[in-house]
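What follows is a short report on a single structure.
The values are calculated or read from the model by the stated rules, or taken from the named source; none is laboratory data. The shown structure was predicted, so the numbers you read here are calculated from the model rather than taken from an experiment. Neighbour counts are summed over all protein chains in view; Cβ atoms, including those assigned to glycine, are modelled from backbone coordinates with ideal geometry.
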2 protein chains.
Amino acid sequence: MASLSHQEITALLLALGVLLAGARVLGELARHFNQPAVLGEIVAGILLGPTVLGQLAPKFSAFLFPAAGGGALALDGLMTLAITLFLLVAGMEVDLSTVWRQGRLALVVGLAGILIPFALGLGGAWYFPDLMGGDAGGDQLIFALFIATALSISALPVIARTLMDLNLYRSDLGMTIIAAAVFNDLVGWIVFAVILGLIGVGGASAGIAATIGMTLGFAVFMLTLGRALIHRIIPWIHAHASWPGGVLGFAMVLALVCSAFTEWVGVHAIFGSFLAGVALGDSGHLRQRTRATIAQFVSFIFAPLFFAGIGLRVNFIAHFDLGLVLLILVIACLGKVVGCGLGGRLAGMSVRESWALGFGMNARGAMEIILGLLALEYGLIGEPLFVALVVMALVTSLMSGPAMQRILRLKKPRCVVRYLRPKAYLPALKATGRQEAIVELSRALALSAGLDPVTVTEAVLAREALMPTGIGRGIAVPHARLDGLAGPLAGVGISRVGIDFDAPDGCPAMLLFLLLTPKQDDGVQVELLADIARTFRQRDTFEQSLQAKGFTEFIGLLKSNDE
Amino acid sequence: MASLSHQEITALLLALGVLLAGARVLGELARHFNQPAVLGEIVAGILLGPTVLGQLAPKFSAFLFPAAGGGALALDGLMTLAITLFLLVAGMEVDLSTVWRQGRLALVVGLAGILIPFALGLGGAWYFPDLMGGDAGGDQLIFALFIATALSISALPVIARTLMDLNLYRSDLGMTIIAAAVFNDLVGWIVFAVILGLIGVGGASAGIAATIGMTLGFAVFMLTLGRALIHRIIPWIHAHASWPGGVLGFAMVLALVCSAFTEWVGVHAIFGSFLAGVALGDSGHLRQRTRATIAQFVSFIFAPLFFAGIGLRVNFIAHFDLGLVLLILVIACLGKVVGCGLGGRLAGMSVRESWALGFGMNARGAMEIILGLLALEYGLIGEPLFVALVVMALVTSLMSGPAMQRILRLKKPRCVVRYLRPKAYLPALKATGRQEAIVELSRALALSAGLDPVTVTEAVLAREALMPTGIGRGIAVPHARLDGLAGPLAGVGISRVGIDFDAPDGCPAMLLFLLLTPKQDDGVQVELLADIARTFRQRDTFEQSLQAKGFTEFIGLLKSNDE
């Protein structure tokens, strides 16, 4: 068996480490600025790829991410595995009953989302092949068909990731988008297989009719009989195999075999693992814990690796033709956003939702790049058009999340951790009575934020006098609404002796959260109170938080308790 | 960037799926027969590799596991990643305080475990090079040095896996073995780097002195300053990054970067990730949940893939020289078992423990194969010797677990699930009183096992009369010891109305376990009672088990509740 050289192994491990580190850090940064993590991950790849690092340190870059040889192939194999497993998780999250409910809608949106960009692309490439970067020597019809397909495909992985990032994945809108995207992409890949058949390449191991037939047959099988079989097999595995290795192994084997099958059939591997995920995730026997183990490992390790890997593939500066890029971008967005939006309106969605749908479906991401790569390899398109397609894929992917966020006016529920001020963290309150404690904590929080301590203290005491703020389980949440605050402020005090806050369970409070919220913002106080109650639902969290060494450890504890 | 072809992707995904399926199924089978899972996993690889599948279906085998080309390299890259991550998990499980306590012992054992096989190998290969398969043309000293190194190295991954399978990993003996093996292998790899330097290959990117210096420096750094840094960083990540993605990503990046470093230095990548794991696992801030996610995914997906992959590497029949194989095997076992056993005795261990230690350290597994592959590539050894080394590596790995199990007389605590009889699963008891319930259940269990119903019923009723068997939380465990039983028997009955078994908490029993145990086996009754109490510690399990649809689902539920 061929094996990697010493140097290739070193480079591969380092490359994976650097890529994952970059993707995770920029992904977190993107989230920090309320952007989807996938944005940061792709940018990390561009920074580490030929576009930036390749220019600044060409030798190191060539060592880390070799263009050819064993290391490059091994990395490509890993990326394929990563995207396959990511689609397994995306599939597991699909709620089939919602999809059925959204079925008609998804069909209309999916159809409109293909036909309009397809027509635009076919027309444009047929009448103006030179403008579209067409190769004069090639067959004009095939070129036009390819452009049309390239413009009408979307990117299931990016769309799924964006929807997950926005917490929209399991919503009705999210499931409509996913169902439409699956439909859309299946048709797109089948058309592409037809094109490959026309130029006599035969990416598929079987004929075109066989590809279409087997794809549909497989999808139907997985969603009916396969699903039922899996539902029966899981309890059997629980009963006879070790836990949780049995189910974990089964899920992986299923995903791998299904994706190998669809790849063999001639559509992309990701459809197989996606369908495997859908069938698997639908079984009520699959334990929450197993789902979480797979989802966490894949979403936080494999997915960032793959999305960062996209940025590695091209030098975006060397092969850049501004006119072509803009043209492709405009036609792509126009066709997709208008097409899907129109489909949404036709199916009776609101204007706002239709726009969101259009932008959601507009992301092309990895699929476009894979399609472009294949077309480039088979000589269907030239380099400038390839770069234009990749840029279009990235831009549409990047704008998808923010656009949906803005259109739907999404806001995440606010957490108290975000507003806690380090200087208002008092790990050892001196006070032993309720009033003194409020005075001590109010003073610290007011000073940390440049407010007048007296005003703050009086407001909190006045509120406390109306109704005591002990919420039980050793926690009290004194609070007040203040005029002229820019945003919420929070402080926390820990009392070793316990202070009576007249809680319903009679327990003295050891953990005191002081909340100051702006008078004009009604919702935030309720959100923060709910967040505190939720965070301390587990007794462990409360006890550990009393023993935290320092502010960072304290908020680390609060943030890492999701169980 | 180079990428895999359509056919290579298909083959890679299918190969991974088949390999994982084979490894998991045979691994489970091995466990079923009380053997370590790793045995089944390696056998799965041999069956799927050139030795069996390659002979039966050469074309399919060549498609699935190509000997060269992109697919082979991608698979090799994945295997490297798999072994690296497995060593991360092995490292995370190390209990540093135990290792320090065992430090002197481990040093003595490690030294004796190197010196004796090294001397045996050096002498044998120096005086009888022809017998040992030496190449007449090569340098005799270098050949002798290589044989000596090959005989004195052990296989940290296989040893770790075997100890985990036997539930010995965190015991004093287990930690001694691990510490000695780490010491042993570090020395072995450094000697190998010296040999490569002597023949002018320079597997290391730096000189020999630099390799030794940097390896030791890195190990010391990771176990002191690195460990302290990681302990500080984790709460910061909890506080500032998303959960649990922040810590998961950090652990992976750390493992990848450290393993790239040690690979670059010239010792194998696995030392880096092992040390990263030790440093990481030692931090009390690392949550149990994060450990479990990493450990489960790696132990049940990556590790089986890697261990099955070993079997793929050679055709064990074509290059087989019985005399050479036996010679190598005998010298290897003699040197290692005697050397380590002697070391153990010297350090004051009991005879039994010393033998177990010797057989534990005797496993050569993957390390030997990697070493052999490198030696083969560099022309140090010929094919027959390579096969002999591989067979020796496999045989020593395979006998390690069973030998330790027998020497230490290990028994796993018995679980009630193993003895439940399908025909004594009564999901709807007709009885409403205690006596009737016992009669109904005893009858079913007795008939299912071919015993006399009357004798059984009387014995259980007599025992119940001595002291009621309600254990609270809705569970009762009527039981009896019988003469002449071959092994324990268990039945279960579910009462929808609840039957009074005089439990300490006063709750009527809805779940009734009937246990019949052999009179001569004192321990089993206690073990089974403890197992039932442990299984139902979580209220969920109890409620779900009442609603199970059928026997398989019922035992599946019991087995999959470890939380």
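Within the range B:66-94, the set of residues being at the interface with chain A (Cβ under 7 Å from one of its Cβ atoms) and in contact with a Pro (Cβ under 8 Å, 6 or more places away or on another chain) comprises B:A72 only. In this structure, does B:D130 turn out to be among the acidic types (D, E) and more than 29 Å from the chain's Cα centre (by Cα)? Taking the combined requirement at face value, the residue satisfies it.
For the range B:316-364, give me each residue that is in a loop (DSSP other than H, G, I, E, B) and farther than 18 Å from B:I177 by Cα. Residues satisfying the conditions are B:F316, B:I317, B:A318, B:H319, B:F320, B:D321. For B:V314, are the conditions met, namely being within 11 Å of another protein chain (Cβ to nearest Cβ), out of contact with any Ser or Thr (no Cβ under 7 Å at 6 or more places or on another chain), over 19 Å from B:E368 (Cβ atoms) and of a type in the set (V, I, T)? Judged against the criteria, B:V314 is not a match.
The one condition from (1) part of a loop (DSSP other than H, G, I, E, B); (2) basic (K, R); (3) touching a Ser or Thr at 6+ places or on another chain (Cβ under 8 Å) that A:K411 does not meet is (3). Among residues of the range B:240-261 that are under 12 Å from A:R24 (Cα atoms) and more than 7 Å from chain A (Cβ to nearest Cβ), those with a beta-carbon under 8 Å from a residue that is of a type in the set (S, T, Y) and surrounded by 23 or more Cβ atoms within 10 Å (Cβ to Cβ) at least six positions away or on a different chain give the pairs B:V247/A:S560; B:V247/B:T290; B:A251/B:T290. Are any of the residues in the range B:215-237 more than 8 Å from chain A (Cβ to nearest Cβ), under 22 Å from A:G27 (Cβ atoms) and not aliphatic (A, V, I, L, M)? No, that holds for no residue.
Sort out which residues of the range B:262-273 are within 19 Å of B:L223 (Cβ to Cβ) and within 7 Å of chain A (Cβ to nearest Cβ), and write them in order of number. Selection gives B:A269 alone. A single entry from B:T149, B:T98, B:T162 fulfils the requirement of being β-branched (V, I, T), more than 30 Å from B:M252 (Cα to Cα) and in a helix (DSSP H, G or I): B:T149. For A:R170, the conditions (1) touching a helix residue (DSSP H, G or I) at 6+ places or on another chain (Cβ under 8 Å); (2) surrounded by fewer than 20 Cβ atoms within 10 Å (Cβ to Cβ); (3) of a type outside the set (V, I, T); (4) assigned to a helix (DSSP H, G or I) are fulfilled apart from (4).
On the given criteria, is B:E41 more than 22 Å from B:P58 (Cβ to Cβ), among the acidic types (D, E) and touching a Phe, Trp or Tyr at 6+ places or on another chain (Cβ under 8 Å)? The answer is yes for B:E41.
Mind checking whether some residue in the range A:222-236 is buried (at least 20 other Cβ atoms within 10 Å of the Cβ) and either without any contact (Cβ under 8 Å) to a residue 24 or more places away in the chain or polar (S, T, N, Q) (or both)? Within the range A:222-236 (the criterion being buried (at least 20 other Cβ atoms within 10 Å of the Cβ) and either without any contact (Cβ under 8 Å) to a residue 24 or more places away in the chain or polar (S, T, N, Q) (or both)), the answer is no, since none of the residues qualifies.
One residue stands out among those in the range B:274-293 that are of a type in the set (A, V, I, L, M) and farther than 20 Å from B:W236 by Cα: the one that is nearest to the other protein chains (Cβ to nearest Cβ), which is B:A292. Candidates B:S61, B:S97: the one that is surrounded by fewer than 24 Cβ atoms within 10 Å (Cβ to Cβ), more than 9 Å from every other protein chain (Cβ to nearest Cβ), under 25 Å from the mean Cα position of the chain (by Cα) and polar (S, T, N, Q) is B:S97.
Among the criteria (1) more than 24 Å from A:A260 (Cβ to Cβ); (2) surrounded by fewer than 22 Cβ atoms within 10 Å (Cβ to Cβ), the one A:A82 does not fulfil is (1). Modelled with pLDDT of 85 or more, within 30 Å of A:G348 (Cα to Cα) and surrounded by fewer than 24 Cβ atoms within 10 Å (Cβ to Cβ): is that true of A:V108 in this structure? For A:V108, the condition - modelled with pLDDT of 85 or more, within 30 Å of A:G348 (Cα to Cα) and surrounded by fewer than 24 Cβ atoms within 10 Å (Cβ to Cβ) - is met. Considering the range A:1-46, the residues that are of a type in the set (D, E) and in contact (Cβ under 8 Å) with a residue 40 or more places away in the chain include one that is nearest to the other protein chains (Cβ to nearest Cβ), namely A:E8.
Under the condition of being at pLDDT below 90 and surrounded by 24 or more Cβ atoms within 10 Å (Cβ to Cβ), the residues counted in the range A:28-44 number 7. Checking the structure you have, find out if any residue of the range B:212-220 is in contact (Cβ under 8 Å) with a residue 60 or more places away in the chain and either over 29 Å from the mean Cα position of the chain (by Cα) or surrounded by fewer than 23 Cβ atoms within 10 Å (Cβ to Cβ) (or both). Taking every residue of the range B:212-220 in turn, none turns out to be in contact (Cβ under 8 Å) with a residue 60 or more places away in the chain and either over 29 Å from the mean Cα position of the chain (by Cα) or surrounded by fewer than 23 Cβ atoms within 10 Å (Cβ to Cβ) (or both).
Across the range B:124-146, the number of residues qualifying as buried (at least 21 other Cβ atoms within 10 Å of the Cβ) and in a loop (DSSP other than H, G, I, E, B) comes to 3. Listed by position, the helices (runs of 4 or more DSSP H) enclosed by the range B:240-307 that each have at least 3 residues that are at pLDDT 85 or above, surrounded by fewer than 24 Cβ atoms within 10 Å (Cβ to Cβ) and over 22 Å from the mean Cα position of the chain (by Cα) are B:245-265. The set of residues in the range B:264-282 that are aliphatic (A, V, I, L, M) and closer than 20 Å to B:T149 by Cβ comprises B:V265, B:V267, B:A269, B:I270.
Within the range A:390-421, work out how many residues are in contact with a Lys or Arg (Cβ under 8 Å, 6 or more places away or on another chain) and more than 14 Å from chain B (Cβ to nearest Cβ). Result for the range A:390-421: 6. The listed residues are B:A424, B:A388, B:A431, and the only one of them that is under 23 Å from B:I83 (Cβ atoms) and among the small types (G, A, S) turns out to be B:A388.
Being more than 15 Å from the chain's Cα centre (by Cα), part of a helix (DSSP H, G or I) and surrounded by fewer than 21 Cβ atoms within 10 Å (Cβ to Cβ) holds for only one residue in A:L389, A:L376, A:L371, and it is A:L376.
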